[in-house]
Every structure is written in C-alpha cells, then in structure tokens.
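Everything on this sheet refers to the single structure shown next.
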Amino acid sequence: MVMFYQGTITFGPMGHSLAVITSSLFMEHKNFRGATEQEIQTLRDSAKNVSSRYAKEILLVEEYLTEYGLGALPGELEQERLILDFLCQPAESDIVVAKKADTALEYIPRIHPSIR
C-alpha cells in the first residue's frame, strides 16, 4: 500500500510529498537486497529532501490555520515531526523498513481521514 499511495488533490502539494515519502519506504527494501551504493545514496538524498519539503509544507499550513484558530493541538506538531524524522531516516535493516511502513500506514489516515 505504501508503494501506491497518492494523496487526493485536496491535500495539495503535501499529498505529493507524502507519496514520495511512502514510495521511498517501498524502495528502501532494495537497500537490503542488492542495491548499489549509488542507488542507496540517491534514495537517502531524496528522503532528506522530501522530509525537509514536507516539514516546510506543514509549517505553512499550520501558520494559515492558526490565523483562523484552527491550528494543531499542543504537541501534535512535535509528534508529527518525530514520525516524519523516523520515516525519513535511513533504516538499519529490512525489519526497520517494515516498521516504518506500518508507521506510515497508521499516520496517513490520522492526518488524512478520507484514506482508510
């Protein structure tokens, strides 16, 4: 499921960023099954870039929502940041990749309730 996730158009650019994060999780399995060092580094660079982009998108959306009294509850953004950091950090094993995929599958419906 993480390989094929696509955010709806209502999710805007964040949907694309989240799709890159989830597809990277799928591709990360290859790091433990014969990927070249260059492929591994390319995937790590991509994860770092998309993590940074997604974090910026979160902040922009939250600034806007906060202006109208609709911002996240205290601690929610920090929890989301911790999840994002976990998902985008290089895994030490394929077991960690599977844990990251499970985390993503729990996280996506929380922030985008129409995906269940």
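Rule-based calculations on the coordinates, nothing more; no lab input. Worth saying up front: this structure is predicted, and the values here are computed from it rather than measured. Don't worry about glycine lacking a Cβ; one is built from the backbone with ideal geometry, like all the others, and counts go over all protein chains shown.
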Restricting to Cα pairs under 8 Å and 6 or more apart, the percent relative contact order of the chain works out to 28 percent
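Looking at the chain, identify the longest residue range that excludes and avoids all chymotrypsin sites (Phe, Trp or Tyr not before Pro) in DSSP loops having at most 15 other Cβ atoms within 10 Å.
Working: sites that count: Phe4, Tyr68.
Longest gap between qualifying sites, sites excluded: 5-67.
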Least to most buried among Leu73, Leu59, Leu18, by other C-beta atoms within 10 Å and fewest first, runs Leu73, Leu59, Leu18
Note, the range 33-49: 3J(HN,Hα) by Karplus (6.51, -1.76, 1.60, θ = phi - 60°), whole Hz, Gly/Pro = x, goes 9, x, 5, 6, 4, 5, 4, 4, 5, 4, 5, 5, 5, 4, 4, 5, 5
The FRET efficiency for Arg53 and Ala98, from their Cβ-Cβ distance with R0 = 22 Å and rounded to 0.05, is 0.30
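Rounded to the nearest 0.05, what FRET efficiency do Arg81 and Ile40 give with R0 = 30 Å and r taken as the Cβ-Cβ distance? Could you check?
On the way: r = 25 Å, r/R0 = 0.82.
With R0 = 30 Å, the Cβ-Cβ based efficiency is 0.75.
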So for the range 9-111, using the alpha carbon gyration tensor with a ≥ b ≥ c as root eigenvalues (a/c under 1.5 gives rounded; past that, a/b versus b/c decides prolate or oblate), I'd call it prolate
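Can you give the calculated 222 nm mean residue ellipticity of the chain, where each DSSP H run of n ≥ 4 adds -39,500 (n - 2.57) and the sum is split over every residue, rounded to the nearest 500 deg cm²/dmol? Provide the component values of the computation, followed by the final result.
On the way: 4 runs with 78 residues, N = 116.
So the helix-based figure for the chain works out to -23000 deg cm²/dmol.
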